[in-house]
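The values are calculated or read from the model by the stated rules, or taken from the named source; none is laboratory data. In this text the structure is predicted, and so the values were computed from the model without any measurement. Don't worry about glycine lacking a Cβ; one is built from the backbone with ideal geometry, like all the others, and counts go over all protein chains shown. The accessibility values were calculated without ligands, DNA or RNA, using every heavy atom of the protein model including side chains. Shrake-Rupley method; radii C 1.70, N 1.55, O 1.52, S 1.80 Å.
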Amino acid sequence: MTPLDRLESQSVYILREAFNRIDRLAMLWSLGKDSNVMIWLAKKAFFGHVPFPVMHVDTGKKFQEMYAFRDRYAKEWNLNLIVEDCPPYAATDPTLPPNARSGQRKTLGLRAAIAKHGFTGIIAGIRRDEEATRAKERVFSPRGDAGHWDFKDQPPEFWDQFNTDLPKGTHLRVHPLLHWTELDIWHYVRREGIPVIDLYFAPSPGEPGRRQPGKRYRSLGDEDITFPIDSTAATLDEIIAELEATKTPERAGRAMDRETEDAFERLRAEGYM
Amino acid sequence: MPRSELAAPRDQLRIVIVGHVDHGKSTLVGRLIHDTGSLPEGKFEAIKAMCERRGMPFEWAFLMDAFQAERDQGITIDTAQIWLRTRHRDYVIIDAPGHREFIKNMVTGAATADAALVLIDAAQGIQQQSRFHGFLLNLLGIRQVAVVVNKMDMIGFAQARFDEIRDAYTRYLDGIGFGARYVIPVSARNGDNITERAASMRWYEGPTVIEALASLRPTPRPVDLPLRLPVQDVYKFDERRIIVGRIETGRLRVGDRVLFSPSNKTAHVAGIEGWNVVAPPIEAEAGQAVGITLDEQLFVERGAVISLHDDPPIETNVFRGRLFWLGRQPLAAGQDYRLRVATREVPVRVQQIERLYDTEDLSDRGGAAEVPRHGVADVILRTRAILALDEAHALPQTGRFVLSDGVNIVAGGIVDMKGYPNQRDALTVKASNLYTVKHRIGAEHRATRNGHRGGVLWFTGLSGSGKSTLAMAVEQELFQRGYNVYVLDGDNVRQGLNANLGFSPEDRAENIRRVGEVAALFADAGLITITSFISPYRADRRRAREAAKEAFHEVYVRADLATCEQRDPKGLYRKARRGEIPEFTGISAPYEEPEAAELIVDTKLLSVEESVARIVDYVESRFIIARSAVRD
């Protein structure tokens, strides 16, 4: 087994545990590279099928390329797609910094969607290497009322025995990509030929379209609070080579992460992915 | 860049950093990440800003202490992971909390590691969690350990102090049964002996931390052990019925004849399924999450264990677990939990707490009624259902278990079967094409002619409790009263029917199985059959009861161990105490008392005559056919 085989195998095991142990399960699809890999892994785990709904919690402010991608692959991959809206900016916590309030729209939208559909398990594509509070996550993470994360008192989780019995009114977050790195994701996208949105690539010289020359997105969020990085990487190989060398963190272009010391921690404690 | 330099991700080694609170674990991690150039851009400045905001000197621990509460209190609450890249290899560094309150988080972090670094503060020396973490590493199955003696700058880089800590701690690890590969003196804060050899400690000739890491090896995948594939689920998304699970040990090939335990059904592997693969695989090995199809439709459920036919797992409903307890309430004897072994989950009862361990000095504190939070103990666990499992020393992956309180995991442990038999042979009917032939003479005809029913009086009790004495006396008394009666006695049967059996737990189980079957046949033939065997295991007696059905009467010949040892009619206890008889019931092997015996005869309180009278009364009231009933 190669390192990629091992990562894949662990994720497949986690997805199968979630499917066996959780009654009302849904997978979050943000349309980014990680959640595409996650859907791909589900098709591996369930032999070409995705046997639960795939949910896009839509802020309404994504790039137009992302909506086109969603509509195309929902059909092509035969997904049971659920799209749920987010409440307006005005409904968010005014004590949060402005960009974090944009992030909180998604938390509130997710909370409402979970209540509406009665989901008891939400599969999310977060990774430990993305961000420091995510590095402290469990694979099966119990969430209290309203999706709250009690990060100061997480249950033990070892030997791939997961805490899957949960009190009524709560739900589980399942994180099948927790052990992957950004570089692993790109290696796997290349090996498997997984489609990703072209916003991740710098345009080739003279290529038509609205992408800026010498720029690409490393991480995708709402269009108004996500910024491209300087890069000429126009192919998967070039992206991998760039990431092998870089020391810039992946979410450097995501404004909501670092407005204040604890802004992102607060977002995550109340249920952000 | 040419494609060859873009080869797939490099292999990585997972290292957990453990040790007592405040001995500098998070600082060491920060140092390692920084000194190997693995720190992301902007992170150093971010940490600096956090420290300035708090008016404190630069604190490396803030790299991993992601929670505001951790930074404000200066304490690591939960485990975190960070990636470290060196020229030779990538590492996942797992930071584990050292505070006693957060042992559950330390276990969570450490369980996935290939190797561990145990940190010890040179000034404070070995503390409670330094020892306890070492003990837990061993239970978690981590065998590669390096010890880092930190804060050498605080003790003026004194070699004598270092030697003292090194000797004491390696002695402790030896006591648990594993050694430390290296003991390295460092100052994490100054970066001494982390990636660069320190001028301050020229007396030290061993490796730096980064050199020690380079010498550690990834845990080899157990492909050469017997096959174990616990069934995770069964899918029927299309025309295929696919059994899925992860191969924990060994290899599996298309065409293999596989055995499902504990159902003991067999089938051949028809195919190994995949999606988006070039060609369906014909072989799979340990670590792979697979899906297989069979050549015949068996009813298979989650929790069954697939093995090859000639090397199956143990089957039992009782075993000893050495466990660490994480629950907030103590674990208590007699309490019920949920047991998980691989993908199987069943209710379990804690039958007994055999011994508590003192993890400070590794002493055995004997039996107890409770295991306190963070206690380590050997407990006897009993389930109703038969389990398929292995002993941890042979197959760690299927030889470990967790307990759950119905919501959260509260314990982890490893399986030890010493003193308990593998029940597999007793459960397996080997011959096939058997049909039950019906007698023309029924039990009622025999009873009518004899004037009494047939049945089994199953005497059980410790050696020296008086079983044989009572059996022979009861036989004589009943015979004189006109009963057809016969005694099957342990020593006599072992000279003939069971001459090929020894005293291993398996042979003892087989000895009892044969006696149970013979007694049932005698009872069916109309005899009152008295069996006189220690028969210490409930599972064996339950099988004997199943063989004779309602004709079975369990008679507990009760006397406590001290009384029996004092009587010692055959001198066996003295030999057992000298260690000359291994696995002697009551001394070095368990006796499981009956839960619901039909009759209890306490030979400590009753004389032989009184005991015989009680048993004969019991027989007179249960076995005689009333004359009127005979005539009807």
Segment B:213-235, subset open to solvent by less than 60 Å² (accessible area, probe 1.4 Å) and hydroxyl-bearing (S, T, Y), residue nearest to the other protein chains (Cβ to nearest Cβ)
B:Y235
Hey, any hits in segment A:24-39 for a residue that's of a type outside the set (S, T, N, Q), more than 17 Å from the chain's Cα centre (by Cα) and open to solvent by 10 Å² or more (accessible area, probe 1.4 Å)?
yes
With the structure loaded, tell me whether B:E301 is touching a residue at least 60 places away in the same chain (Cβ under 8 Å), within 14 Å of chain A (Cβ to nearest Cβ), open to solvent by 60 Å² or more (accessible area, probe 1.4 Å) and acidic (D, E) or whether it fails that test.
yes
Suppose we keep only residues that are in a helix (DSSP H, G or I) and without any contact (Cβ under 8 Å) to a residue 24 or more places away in the chain within segment B:148-163. Which one would you say is nearest to B:S26 (Cα to Cα)?
B:D163
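Matching residues to (1) free of Cβ contacts under 8 Å to residues at least 40 places away in the same chain; (2) of a type outside the set (S, T, Y); (3) open to solvent by less than 20 Å² (accessible area, probe 1.4 Å):
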{"position": "B:F503", "(1), (2), (3)": "no, yes, no"}
{"position": "B:I512", "(1), (2), (3)": "yes, yes, yes"}
{"position": "B:A525", "(1), (2), (3)": "no, yes, no"}
{"position": "B:T529", "(1), (2), (3)": "no, no, yes"}
{"position": "B:S532", "(1), (2), (3)": "no, no, yes"}
{"position": "B:P536", "(1), (2), (3)": "no, yes, yes"}
Mind checking which residues of segment B:359-394 are among the charged types (D, E, K, R) and touching a residue at least 60 places away in the same chain (Cβ under 8 Å)?
B:E360, B:R382, B:R384, B:D390, B:E391
Which residues, counting only those in segment B:365-402, are of a type in the set (D, E, K, R) and either open to solvent by 20 Å² or more (accessible area, probe 1.4 Å) or closer than 29 Å to B:F102 by Cβ (or both)?
B:R365, B:E370, B:R373, B:D378, B:R382, B:R384, B:E391, B:R400
Please find, within segment A:248-266, the residue that is nearest to the other protein chains (Cβ to nearest Cβ) out of those that are in contact (Cβ under 8 Å) with a residue 40 or more places away in the chain and not in a helix (DSSP H, G or I).
A:T260
Kindly establish whether B:R221 is over 30 Å from A:R21 (Cβ atoms), assigned to a loop (DSSP other than H, G, I, E, B) and not aromatic (F, W, Y).
no
Looking at the structure I just gave you, is B:V16 part of a strand (DSSP E or B), touching a helix residue (DSSP H, G or I) at 6+ places or on another chain (Cβ under 7 Å) and open to solvent by less than 10 Å² (accessible area, probe 1.4 Å)?
yes
Hits in segment B:372-395 - residues which are closer than 18 Å to B:S307 by Cα and of a type in the set (A, V, I, L, M, F, W, C)
B:I386, B:L387, B:A388, B:L389, B:A392, B:A394, B:L395
When segment B:113-136 is checked residue by residue, the ones that are assigned to a loop (DSSP other than H, G, I, E, B) and either more than 14 Å from chain A (Cβ to nearest Cβ) or farther than 16 Å from B:V29 by Cβ (or both) are B:D114, B:A122, B:A123, B:Q124, B:G125, B:I126, B:Q127
Could you tell me which of the residues A:A233, A:A245, A:A269 is more than 22 Å from the chain's Cα centre (by Cα) and facing chain B (nearest Cβ under 10 Å)?
A:A245
So, B:A96, is that one facing another protein chain (nearest Cβ under 9 Å), crowded, with 22+ Cβ neighbours inside 10 Å, in contact (Cβ under 8 Å) with a residue 12 or more places away in the chain and of a type in the set (A, V, I, L, M) or not?
no
How many residues of segment B:236-269 are under 17 Å from B:P280 (Cβ atoms), more than 14 Å from chain A (Cβ to nearest Cβ) and either in contact (Cβ under 8 Å) with a residue 60 or more places away in the chain or in a loop (DSSP other than H, G, I, E, B) (or both)? The answer is 3
Exception for A:F140 within (1) at pLDDT below 95; (2) open to solvent by less than 10 Å² (accessible area, probe 1.4 Å) falls at (1)
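Could you tell me whether segment B:526-533 includes any residue that is aromatic (F, W, Y), part of a loop (DSSP other than H, G, I, E, B) and closer than 27 Å to B:R481 by Cα?
Yes, some residue in segment B:526-533 is aromatic (F, W, Y), part of a loop (DSSP other than H, G, I, E, B) and closer than 27 Å to B:R481 by Cα.
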Regarding A:P97, is this residue over 20 Å from the mean Cα position of the chain (by Cα), more than 9 Å from chain B (Cβ to nearest Cβ) and either at negative phi or charged (D, E, K, R) (or both)?
yes
Go through (1) closer than 30 Å to B:G175 by Cβ; (2) within 12 Å of another protein chain (Cβ to nearest Cβ) and name the single condition B:I272 misses.
(1)
Is it the case that segment A:210-217 has a residue that's modelled with pLDDT under 85, polar (S, T, N, Q) and more than 16 Å from the chain's Cα centre (by Cα)?
no
Restricting attention to segment B:64-87, the residues that are touching a strand residue (DSSP E or B) at 6+ places or on another chain (Cβ under 7 Å) and either buried (at least 24 other Cβ atoms within 10 Å of the Cβ) or facing another protein chain (nearest Cβ under 9 Å) (or both) number exactly 8
Kindly indicate the residue of segment A:1-41 that is facing chain B (nearest Cβ under 10 Å) and among the hydroxyl-bearing types (S, T, Y) and also farthest from A:E182 (Cα to Cα) among those meeting that condition.
A:Y13
Can you go through A:A132, A:A115 and tell me which one is without any contact (Cβ under 8 Å) to a residue 40 or more places away in the chain, out of contact with any Ser or Thr (no Cβ under 6 Å at 6 or more places or on another chain), open to solvent by 10 Å² or more (accessible area, probe 1.4 Å) and within 28 Å of B:T108 (Cα to Cα)?
A:A132
I need the strands (runs of 3 or more DSSP E) fully contained in segment B:335-442, keeping only those with at least 2 residues that are within 18 Å of the chain's Cα centre (by Cα) and closer than 21 Å to B:P590 by Cα.
B:344-358, B:376-389, B:409-416
Selection over segment A:33-69 where residues are charged (D, E, K, R) and more than 20 Å from A:R218 (Cβ to Cβ) yields a count of 3
I'd like to verify a number: residues in segment A:51-75 that are surrounded by fewer than 18 Cβ atoms within 10 Å (Cβ to Cβ) and within 14 Å of another protein chain (Cβ to nearest Cβ), how many?
1
Give segment B:275-293 a look and list any residue that's out of contact with any Gly (no Cβ under 7 Å at 6 or more places or on another chain), within 14 Å of chain A (Cβ to nearest Cβ) and open to solvent by 30 Å² or more (accessible area, probe 1.4 Å), or say none.
B:N276, B:V277, B:V278, B:E283, B:E285, B:Q288
